[in-house]
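**Q** The structure under discussion is supplied below as structure tokens; questions concerning it will follow.
The values are calculated or read from the model by the stated rules, or taken from the named source; none is laboratory data. Not measured: the values here are computed from a predicted model. Cβ placement follows ideal geometry from the backbone for every residue including glycine, while neighbour counts extend to all protein chains displayed. SASA here: full protein model, heavy atoms, side chains in, ligands and nucleic acids out. Shrake-Rupley method; radii C 1.70, N 1.55, O 1.52, S 1.80 Å.
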Amino acid sequence: MPQDTARIEAVMTAAPVIPVLIVEDPAAAVPMAQALVRGGLPAIEITLRTPRALEAIKAVADNVEGAIPGAGTVLDAAQYEAAVKAGAKFIVSPGATPKLLDAAENFDVPLLPGAATSSEVMALIERGYLRLKFFPAEQAGGASYLKSLSSPLAQVKFCPTGGITLEKAPSYLSLPNVLCVGGSWIADAKAIASGDWAGIEARAREAAAIKG
Ligand code: 3PG
């Protein structure tokens, strides 16, 4: 089954930025997500890099009106299933493997898989994926690299992620093959752990206003 392009594109176009989040304490997830939604960033990616990340996703899914919680750093079928059960509305992976793509076909929750080279992108096109994460964006070659994929691989649109800041985001968002960017700068682990909801909301508001 090919990727549901319309559904993943709805997530990618909800705002110019998808915050990438590392949440240790699920109790922080609700006020964090509320601050992000207030600031204008409804689609949020909670990475499965902490022991209680699934609880954080569930807390947001159950309690935060207007949020579109997703699970990031999903590496295998078991994590995919657990994220869907927790209430994730989209799934993000830094790359793609045949096993992960097979797993995605079992669930009614769309996958945004990662790619960094033409061959990786072409392999995903073969599997029916036209909306991808470009990771790690800055380290793999940045906006000029991604721009060079836009002519030969014009049907593919990306969410670049990795090393992107408020200052760097516009150079990606102005590309014809970019729908949004991802980044941790809006709500890094320290801001979340210290409960800096006002700061997170302010950075979200700034990010939501970025023009390409
Ligand atoms: C990640 O997977 O950590 C994301 O790509 C976020 O990267 P960043 O912390 O460089 O924004």
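**Q** So for the pair residue 118, residue 52, with labels modelled 7 Å out along Cα→Cβ, what separation do we get in nm?
**A** 4.8 nm
**Q** May I pose another question? With contacts defined as alpha carbon pairs under 8 Å and 6 or more residues apart, what's the relative contact order of the chain in percent? All intermediate terms of the calculation are to be shown ahead of the outcome.
**A** On the way: 447 pairs, mean separation 53.7, N = 212.
25 percent.
**Q** So, one more: Relative to the present Cα-Cα distance, how much length would full extension add between residue 97 and residue 5 at 0.36 nm per residue of separation?
**A** On the way: separation 92, 0.36 × 92 = 33.12 nm, distance 1.90 nm.
Answer, rounded to one decimal: 31.2 nm.
**Q** Based on DSSP, what percent of beta bridges with both residues in the chain are antiparallel, to the nearest 5?
**A** Values: 0 of 22 bridges.
Of those bridges, close to 0 percent are antiparallel.
**Q** Enumerate the calculated ³J(HN,Hα) couplings along the stretch 84-92 in order (Karplus 6.51 cos²θ - 1.76 cosθ + 1.60, θ = phi - 60°), each rounded to whole Hz, writing x wherever the residue is Gly or Pro.
**A** With coefficients 6.51, -1.76 and 1.60, one gets 5, 4, 6, x, 4, 9, 7, 10, 10 Hz.
**Q** Which value at 222 nm does the chain reach when only helices count, each DSSP H run of 4 or more adding -39,500 (n - 2.57), with the total divided by all residues and rounded to the nearest 500 deg cm²/dmol? Mind dumping the intermediate values first?
**A** Working: 11 runs with 93 residues, N = 212.
My calculation for the chain gives -12000 deg cm²/dmol from helical runs alone.
**Q** Quick one: among 71, 103, 86, which has the greatest mean-square fluctuation in a GNM of the chain with alpha-carbon springs under 10 angstrom?
**A** The residue that fluctuates most here is 103.
**Q** Toward the positive end of the charge dipole of the stretch 5-209, about the Cα centre and with charges on Cβ (Lys, Arg +1; Asp, Glu -1), which of 84, 22, 124 goes farthest?
**A** 124
**Q** Under the 0.36 nm per residue contour assumption, what length would be gained going from the current alpha-carbon distance of residue 202 and residue 81 to full extension?
**A** Working: separation 121, 0.36 × 121 = 43.56 nm, distance 3.37 nm.
So the extension gain works out to 40.2 nm.
**Q** Lys and Arg at +1, Asp and Glu at -1: add these up for the other residues within a Cβ distance under 15 Å of residue 163 and post the number. Present the calculation step by step, with values, prior to reporting the outcome.
**A** Details: positive: 133, 168; negative: 138, 167, 188.
So the environment of residue 163 carries a net charge of -1.
**Q** Also, I was wondering about something else. Compute the length gained on full extension between residue 63 and residue 174: take 0.36 nm times their separation in residues and subtract their Cα-Cα distance, giving the result in nm to one decimal.
**A** On the way: separation 111, 0.36 × 111 = 39.96 nm, distance 3.42 nm.
Taking 0.36 nm per residue and subtracting the Cα distance, the gain is 36.5 nm.
**Q** Please sort by residue number the GluC sites (Glu not before Pro) in the stretch 45-101 whose DSSP state is loop and whose Cβ has at most 10 other Cβ atoms within 10 Å. Could you put the intermediate results ahead of the total?
**A** Numbers: sites: 45, 55, 65, 81; in loops: 65.
Taking the stretch 45-101 and a limit of 10 other Cβ atoms within 10 Å, the loop GluC sites (Glu not before Pro) found are 65.
**Q** Right, something else. Give me the percent of the accessible area of the chain that comes from carbon and sulfur atoms, probe 1.4 Å, all protein chains in place.
**A** On the chain, the fraction of accessible area on carbon and sulfur atoms equals 56 percent.
**Q** At 7 Å along the Cα-to-beta-carbon direction for both residue 190 and residue 145, put a label point, then send me their distance in nm to one decimal.
**A** 2.7 nm
**Q** Give, as a single signed number, the net charge of other residues whose beta carbon lies under 14 Å from the beta carbon of residue 188, with Lys and Arg counted +1 and Asp and Glu -1.
**A** So the surrounding residues net to 0.
**Q** Given R₀ = 22 Å, FRET efficiency for residue 13-residue 125 by Cβ-Cβ distance, to 0.05? Before the final figure, lay out the partial values.
**A** Values: r = 20 Å, r/R0 = 0.93.
Plugging the Cβ-Cβ distance into 1/(1 + (r/R0)^6) gives 0.60.
**Q** May I ask for the percentage of alpha-carbon pairs in the stretch 5-209 that lie more than 28 Å from each other?
**A** 20 percent
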